[in-house]
Ligand SMILES: Nc1ncnc2c1ncn2[C@@H]1O[C@H](COP(=O)(O)OP(=O)(O)OP(=O)(O)O)[C@@H](O)[C@H]1O
Ligand SMILES: [Mg+2]
């Protein structure tokens, strides 16, 4: 018989107390694991979403974080616009050589509370949104550049809004659905994106050309009060909901167009360092690194909160440890005689001490292992809910170094809480305990 | 086998006074010798067995087991000698409640180094007639059966000396004889010396050598 078995037997003997202390340890560790996994997933998804594969976001001078939150996370209040012509600097003008891809964004509309992004089909074409990821369509196809009133829906938005291919929807002005916004003309959903685990899952994307033709989306230009005669002629008829978005529509003149942001993928790392300075020197716009902004936000707010949570859960584990201490310590008076018998059989002081310490270690590690499974199971069970609520997909979170730290951590905790009863076992007066009636 | 010389043991009483219990000028027990120890209650029989087993330390004197004076050893070595050379049977509550009969017998092997012989444990339990009770916990064994397990356990490590402190005091007369026979025959087979404390004259009368503690303990003689 090994000392392990002896320790295990005495855990078994205090069945209920052991089960309860083990359970409380399991719950504590489950919380730690859950917080760790969520921490990891949040950090990971922040990182993954941060750029969506773009190095820079160019927008009106002002709040940097706000620009990133608007364009990448579809959050925060809207930002100022920049002239449409500025886009040309990236596609054919002075910045062309530094840029491998530039995607214009027009923001400011929503549909039933889901943000509507007016952009170009190229957003979903070629390359990838992030290393290892491509946009795919679960249903239908991408919208076409020359079909002005087509749009596609992110996976989560489509599910929540019950949108299918062929449905049409009318964006309203404003980023929140307050029921007040003026309803725009209808866009037809031609595709539903596959889930990406990024905030894009909860947005709708429409053709920018159609967006410009909506009411109030033309920039008032002095001397051109009736800015969009063609659009008015075709689309002010609000009784007719089934437009043919035919190609007779005339695009809005460039002078009346505005952009919210340009997502830029630079042609090289050097360009990525060089280009922001160039842009920021100018008067028109600012260039922001989404990854850096999100990193900053993460470090300043998310990370401290998560540390706090982790601290609290570790405290819970420590309290469970004290539960083990109480349980074993309480049993010591009943076990004096058994310890004396073991000593009479030749067990050393250090041996009976080790048995008690082992008990503590087995209880914490056993409870800890159960807690790990529980925590992981909980995360796995909740992951569909989390995806549905947030669009952040948890998937299988790999084993984290912090989780491995649980093992030595629990052993140290067990040794600390086991020390007191172990010392009591160590000090047992054999002759006297043998004399006392059991 | 066992030699005691100039052995003195006293307790400090709660009042702070010294209570002398043992003062044994000389005592010897031969190889495989079987002796019984008598004495009135409170005369120091249990204390003497504790000192011999190294569970208690004497104030002075020599306790030689198999040629080794254990009073000169540190506690860890005394524990080791006890594990390997001495078997101990108590009056009651010999067994650990959480462990099966077999596990209780194996327990002593755990504490002696390098010996973990399940076959020997099974064999001993067979010799005390408990082959069919290996997996039983003490709570499901009769008191007589428990004492037989205790006999098997005391012999598990092939000790040279068996100390038994009123091993049959809580067993009925029929089973008392059974346990005594068992102890004596097994110890004879394995040539283990016995030093057995009892209050029962019918037990004492079976032994060739009968010692009265009052006779060789000067404290008791004075009292
Ligand atoms: N730890 C102790 N502290 C103080 N006195 C003790 C202690 N242990 C035993 N004594 C005393 O020493 C004396 C001898 O006790 P011991 O248990 O050896 O007697 P005994 O001969 O075994 O008696 P019994 O036959 O009743 O078992 C008794 O008077 C007892 O009160
Ligand atoms: Mg006694």
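The numbers here are math on the coordinates, done by the rules we state, and not lab data. Computed from a predicted model, the values in this text were never measured in an experiment. Backbone-built Cβ (ideal geometry, glycine too); neighbour counts: all protein chains shown.
Any chance segment B:151-158 includes a residue that's surrounded by fewer than 19 Cβ atoms within 10 Å (Cβ to Cβ) and at positive phi?
Initially, segment B:151-158 is screened for residues surrounded by fewer than 19 Cβ atoms within 10 Å (Cβ to Cβ), giving B:158.
Subsequent filtering for residues that are at positive phi retains B:158.
Within segment B:151-158, one or more residues are surrounded by fewer than 19 Cβ atoms within 10 Å (Cβ to Cβ) and at positive phi.
Among the residues making up segment B:66-88, a single one is out of contact with any strand residue (DSSP E or B) (no Cβ under 6 Å at 6 or more places or on another chain), away from chain A (no Cβ under 13 Å) and surrounded by 15 or more Cβ atoms within 10 Å (Cβ to Cβ): B:66.
If you check B:95, B:107 for being buried (at least 22 other Cβ atoms within 10 Å of the Cβ), more than 16 Å from ligand 2 (Cβ to nearest atom) and part of a loop (DSSP other than H, G, I, E, B), only one passes: B:95. Working only within segment B:158-191, note down all residues that are touching a strand residue (DSSP E or B) at 6+ places or on another chain (Cβ under 8 Å), away from ligand 2 (no atom under 16 Å from the Cβ) and in a loop (DSSP other than H, G, I, E, B). If the condition is that a residue be touching a strand residue (DSSP E or B) at 6+ places or on another chain (Cβ under 8 Å), away from ligand 2 (no atom under 16 Å from the Cβ) and in a loop (DSSP other than H, G, I, E, B), then B:159, B:160 are the ones that fit.
When segment B:54-92 is examined, which residues are found to be under 23 Å from residue B:127 (Cβ atoms) and within 16 Å of ligand 2 (Cβ to nearest atom)? Of everything in segment B:54-92, those that are under 23 Å from residue B:127 (Cβ atoms) and within 16 Å of ligand 2 (Cβ to nearest atom) turn out to be B:88, B:89, B:90, B:91, B:92.
Name the residue, out of B:151, B:219, B:197, that is within 16 Å of ligand 1 (Cβ to nearest atom), in contact (Cβ under 8 Å) with a residue 60 or more places away in the chain and within 14 Å of chain A (Cβ to nearest Cβ). Walk me through how you get there before you give the answer.
Values: B:151 fails: within 16 Å of ligand 1 (Cβ to nearest atom); B:219 fails: within 14 Å of chain A (Cβ to nearest Cβ).
Testing whether each residue is within 16 Å of ligand 1 (Cβ to nearest atom), in contact (Cβ under 8 Å) with a residue 60 or more places away in the chain and within 14 Å of chain A (Cβ to nearest Cβ) leaves just B:197.
Residue by residue through segment B:79-93, note down the ones that are away from ligand 1 (no atom under 16 Å from the Cβ) and touching a helix residue (DSSP H, G or I) at 6+ places or on another chain (Cβ under 7 Å). First the steps, then the outcome.
To start, the set of residues in segment B:79-93 that are away from ligand 1 (no atom under 16 Å from the Cβ) comprises B:79-87.
The answer is B:81, B:82, B:83, B:86, B:87.
Being part of a loop (DSSP other than H, G, I, E, B) and either more than 38 Å from the chain's Cα centre (by Cα) or free of Cβ contacts under 8 Å to residues at least 40 places away in the same chain (or both) narrows it down to one of A:311, A:346, so name that one.
Working: A:311 fails: part of a loop (DSSP other than H, G, I, E, B).
Exactly one residue qualifies, and that residue is A:346.
For segment B:103-126, enumerate the residues that are in contact with a helix residue (DSSP H, G or I) (Cβ under 6 Å, 6 or more places away or on another chain) and more than 7 Å from every other protein chain (Cβ to nearest Cβ).
Applying the first criterion (in contact with a helix residue (DSSP H, G or I) (Cβ under 6 Å, 6 or more places away or on another chain)) to segment B:103-126 yields B:104-106, B:108, B:111-112, B:115-116, B:121, B:124-125.
Correct list: B:104, B:105, B:115, B:116, B:121, B:124, B:125.
Given the options B:122, B:80, name the one that is farther than 17 Å from residue A:343 by Cβ and outside any loop (DSSP other than H, G, I, E, B). Only one candidate qualifies: B:122.
Provide a single number: the residues in segment B:20-56 that are within 14 Å of chain A (Cβ to nearest Cβ) and either without any contact (Cβ under 8 Å) to a residue 12 or more places away in the chain or within 13 Å of ligand 1 (Cβ to nearest atom) (or both).
Keep residues of segment B:20-56 that are within 14 Å of chain A (Cβ to nearest Cβ), which gives B:21-22, B:41-42, B:44-56.
Next, from what is left, pick out any that are either without any contact (Cβ under 8 Å) to a residue 12 or more places away in the chain or within 13 Å of ligand 1 (Cβ to nearest atom) (or both): B:21-22, B:41-42, B:44-53, B:55-56.
Total meeting the criteria: 16.
If I ask for residues that are touching a strand residue (DSSP E or B) at 6+ places or on another chain (Cβ under 6 Å), assigned to a strand (DSSP E or B) and over 21 Å from residue A:292 (Cβ atoms), which ones from segment A:56-106 would you list? Those that are touching a strand residue (DSSP E or B) at 6+ places or on another chain (Cβ under 6 Å), assigned to a strand (DSSP E or B) and over 21 Å from residue A:292 (Cβ atoms): A:104, A:106.
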